[in-house]
Amino acid sequence: MLHRLCIYCGSSPGSLPEFTKAAQDCGTQLATQRIGLVYGGGNVGLMGLLADAVLAAGGEVIGVIPHHLANKELAHPGATEMHRVGTMHERKQLMADLSDGFIVLPGGIGTLEEMFETLTWLQLGLHHKPIGLLNVAGFFTPMLEFLDSMVARRFLKQEHRDLLLVEDDITTLLPRMASFKAPDANKWLDTVAREDLR
């Protein structure tokens, strides 16, 4: 059951109107389906648009923001709850603890860092929550192709590549996340004998 979802996204709005629309649609859908939003607490960029959309539709918004970013990212004044923490690590851990799953929208290196850490935690079995990726206007396509190349070069198992649930629309992503079951898979690829490396 998805009671609350953590969403990672940019503190900038990006260059395309599709990014703005995706954030707003995501927020509206969460509120409509009575799923609370957990996010980085900002009032700028896609983060602010997302939170505004949830609140406009009568939903719950829980922000988590470090003290040193509260002024830079302008902590959202309308959030249902706002947690101020000391470090970025505390921020990510609390966001994860408060959530039943994760969605990734377009963003910068901070968004990618959050996504890959959460995906690593899932791969290692440290949590069993779904991770959805909204590939808005093909934004993540080059990254997804790189992940496929990691599989081809035997640095990533296909089943771990498939842990990332990819859609281009929030209405098709949410049902997949709700039915997600984490596989009981060993992280490590088959051990390669030393002789094979010579």
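Derivation of every value follows stated rules applied to the coordinates shown; laboratory data play no part. Owing to the predicted nature of the structure, the values given are computational and were not obtained by experimental measurement. Because the Cβ atoms are built from the backbone with ideal geometry, glycine has one as well, and the counts that use them run over all protein chains shown.
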Degrees between helix 17-32 axis and first principal axis of the chain (Cα, 0 to 90, nearest 10): 80
Angle between the chain longest axis and helix 88-97 axis [Cα atoms, degrees, rounded to 10]: 90
GNM top mover of G108, G36, G132 - the chain, alpha-carbon springs below 10 Å: G108
Dipole of the chain, positive direction: furthest Cα of G40, I62, L122, with charges on the beta-carbon: L122
Overall form of segment 67-115 per C-alpha gyration tensor (a/c, 1.5; a/b vs b/c): rounded
Tally of Lys pairs whose C-alpha atoms are under 21 Å apart, taken over the chain, 8 or more apart or cross-chain: 7
In degrees, nearest ten, helix 45-56 long axis to first principal axis of the chain (Cα): 60
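Mind sorting M88, M47 by how few other Cβ atoms lie within 10 Å of their own Cβ, fewest first? Kindly include the intermediate steps, with their values, before the conclusion.
Working: M88 15, M47 29.
Sorted ascending by nearby Cβ count, the order is M88, M47.
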